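The values are calculated or read from the model by the stated rules, or taken from the named source; none is laboratory data. Small disclaimer: the values here were computed from a predicted structure and weren't measured. Positions of Cβ are generated from backbone atoms using ideal geometry, with glycine treated the same way; all protein chains shown enter the neighbour counts.
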């Protein structure tokens, strides 16, 4: 299942990495093949007790509601425990989309006239309070999302992009972060197919095709299964 999914015409994202490895591990256990210890080979992101354990792929799987159903209990619990700290670290390093909530005064265009005055009168304590408030709001969203996962309050075959867009009002901070991470491809197969398709479209007698037409043809070919 895992190899078919990763090598097919689908577009697997990083959320599929750990579930695919778990699927392969289960297959090897059934077939009793030797030297196929997946946990040992991919211990840095599969073994929560590993000295160099990196939760990044686990977090990606956790942000995909349906993929959480494919995680074992140990990984699922570890992912829930690390989710908030991981996101906070990504925000601090500027690696993810995060727009902290602003006060009404900051959203008012008239306050731009007093920008210099605000800068002069601003102090560290007020910014610290605002930052603490933003983190508290993010923590609330993470806890509510984990509660959804615990209760299984989602469709088992739900599209994660649709899920997070529908929940954007409930999770205004967590939703854009999840959508960003869920868009990361797990392999380069889709990009390679795209270049191959574009190359065939301007081969032989089609060498004079314009870039606009080539782009349109490629876009239509790769999105023909979608009903716009």
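Taking only segment 46-77 into account, find how many residues are over 22 Å from residue 184 (Cα atoms) and at pLDDT 90 or above.
The qualifying residues number 1.
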- Item | Selection count, segment 191-211, where residues are in a helix (DSSP H, G or I) and over 16 Å from residue 223 (Cβ atoms) | 9
- Message: Which residue is nearest to residue 143 (Cα to Cα), if the candidates are limited to segment 88-106 and must be out of contact with any helix residue (DSSP H, G or I) (no Cβ under 6 Å at 6 or more places or on another chain) and at pLDDT 65 or above?
- Response: 88
- Message: Let me confirm something: among 216, 201, 210, 168, which residue is assigned by TED's automatic domain parsing to the domain that holds residue 91 and free of Cβ contacts under 8 Å to residues at least 60 places away in the same chain?
- Response: 168
- Note on the structure: Sole miss for residue 11 among (1) more than 16 Å from the chain's Cα centre (by Cα); (2) closer than 28 Å to residue 222 by Cβ; (3) at pLDDT below 80 is condition (1)
- Hey, could you check segment 174-190 for residues that are part of a loop (DSSP other than H, G, I, E, B) and in contact with a helix residue (DSSP H, G or I) (Cβ under 8 Å, 6 or more places away or on another chain) and say which is modelled with the lowest pLDDT? 187
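For (1) modelled with pLDDT of 90 or more; (2) over 22 Å from residue 80 (Cα atoms); (3) part of a helix (DSSP H, G or I), each residue gets a yes or a no:
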{"site": "115", "(1), (2), (3)": "no, yes, yes"}
{"site": "129", "(1), (2), (3)": "no, yes, yes"}
{"site": "134", "(1), (2), (3)": "no, no, yes"}
{"site": "140", "(1), (2), (3)": "yes, no, yes"}
{"site": "144", "(1), (2), (3)": "yes, no, yes"}
{"site": "148", "(1), (2), (3)": "yes, no, yes"}
{"site": "157", "(1), (2), (3)": "no, no, no"}
{"site": "161", "(1), (2), (3)": "no, no, yes"}
{"site": "165", "(1), (2), (3)": "yes, no, yes"}
